[in-house]
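Below you'll find the structure, written out as C-alpha cells, and then a few comments.
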Amino acid sequence: MPESRNSIQYVDTADDVVRVVQLTDTHLCKTRGGTLLGMDTDHSLQAVIDLVKTERANAHLLLGTGDLADGGARPAYDRLQVYFDQLTPDNYWLPGNHDSREAMAAAASRPNRLCREIRISRWQLLLLDSQVPGQVGGTLGENELVWLERALQTAQEHALHTLVCLHHQPVAVGCSWLDEQKVSDADAFFAVLDRYPGVRAVLWGHVHQEIDRQRNGVRLLASPSTCVQFAPGSENFKVDDQPPGYRWLELHGDGRIETAVSRVRGVHFEVELDSGGYL
C-alpha cells in the first residue's frame with residue numbers, strides 16, 4: 001500500500017467547529033458531457049458545487065466518498081480534481097465499486113488525497129476502503145478492520161472524536177436491492193466501533209439517498225448523489241425524482257455533530273425515471 005495511503009494528514013485550523021462537505025457518487029464519465037441514466041454528471045456536479053459555494057464556502061475540507069468516476073477512467077479523476085479544487089484544496093477521496101484505485105492514485109495531484117486518516121482540531125476522520133474489485137457490494141476485510149482498531153485506540157489515547165467514512169452502507173437501508181450490497185462484514189465492523197465511545201458517526205455513499213439514524217449513540221449517515229437519486233424503500237432498482245445534492249457537517253469540539261442535506265433547486269436535470277438499472 002502506498003505510503004500516502006498509510007500516512008496521517010493534518011489540517012490546520014484554529015476553529016473549534018470543523019466544517020466538512022461530503023460529495024458522493026459523482027459518477028463522472030471518461031469524457032465531459034457523459035451521462036448516467038440520461039443525466040449529464042458533469043453538469044449535475046457543477047450545479048452542486050455552485051450550491052456549496054453559496055452555502056458552505058468556508059468548509060475546512062471536502063470528502064469524496066466513492067463512485068467518483070463511473071468507469072474508473074483516468075480523465076474523469078483529472079476533471080474531478082478540478083471540480084473539487086473549486087471548493088478547497090483539502091479534498092480527500094476513497095474508492096467505491098465503480099472506481100479504479102490505480103487511476104485515482106495516478107490522477108491525484110497531492111498524494112495525501114487518498115490518505116486513510118485526517119486529523120483536524122479535536123477530530124479524527126477515518127477513510128476506509130470497502131471496495132471489492134469486480135463486485136458491486138462491499139467488504140472491509142481483516143486488514144482494514146485491524147487498522148481501524150489501531151486508529152481508534154490512538155484516538156482514544158489522544159481524546160479525539162472520530163468520524164468513520166466509507167463507500168458502502170454498513171446497515172440495511174430499506175431498499176431490498178441495495179441491502180444485498182451492504183458491507184458483508186458489518187458485524188465485525190460494528191464490534192470494533194462498539195469498543196470505542198469516541199466514535200461519533202459513520203458516513204457513507206453508494207445508496208444515492210439521505211439517511212440519518214442512530215445506533216448505540218453513533219450517528220449513521222448516508223447522503224444523496226451529486227447526480228441520479230435512488231428511490232427510498234424500493235424493492236427493485238428504482239430512480240427517484242429528487243434533485244442532486246450534498247451533505248454538510250459541523251463537527252464540534254465537544255463531539256456534537258450538526259448535519260443536513262441540501263439539494264439543487266431551480267435547475268433542470270434529465271433523468272430516465274423508468275430505467276431498470278445500470279452496471
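Key figures for this structure:
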item: The chain: most fluctuating residue of H60, H206, H167 per GNM, C-alpha cutoff 10 Å; result: H60
item: Residue-averaged [θ]222 nm for the chain, counting only DSSP H segments that reach four residues, each worth -39500 (n - 2.57); result: -7000 deg cm²/dmol
item: Cα-Cα separations in segment 103-153 greater than 14 Å, expressed as whole percent; result: 63
item: Net charge of neighbours whose Cβ lies under 13 Å from the Cβ of L140, counting Lys and Arg as +1 and Asp and Glu as -1; result: -4
item: The chain: relative contact order in percent, alpha carbon pairs under 8 Å with at least 6 residues between; result: 21
item: Formal net charge of residues neighbouring K30 (Cβ-Cβ distance under 10 Å; K, R +1; D, E -1); result: +2
item: Most mobile of R195, R79, R116 in a GNM of the chain (Cα contacts under 10 Å); result: R195
item: Simple label model, 7 Å out from Cα along Cβ direction - D15 to V267, nm; result: 2.2
item: Segment 1-88, relative contact order in percent, only Cα pairs under 8 angstrom and at least six apart counted; result: 38
item: Separation in nanometres of the label points that stand 7 Å from Cα toward Cβ, at Q153 and R215; result: 2.3
item: Most mobile listed residue (H43, H208, H168) in the chain, GNM with C-alpha springs under 10 Å; result: H43
item: The chain - Kirkwood radius from inverse mean 1/r over Cα pairs (Å); result: 18.5
item: Per-q log10 I(q)/I(0), segment 101-240, q = 0.12, 0.13 Å⁻¹ (Debye; single scatterer per alpha-carbon; no solvent); result: -0.51, -0.60
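A short reminder: the numbers here are calculations on the coordinates, not readings from a lab. A quick note: this is a predicted structure, and the numbers were derived from the prediction, not measured. Heads up, the Cβs are rebuilt from the backbone with ideal geometry, glycines too, and the neighbour counts pull from every protein chain shown.
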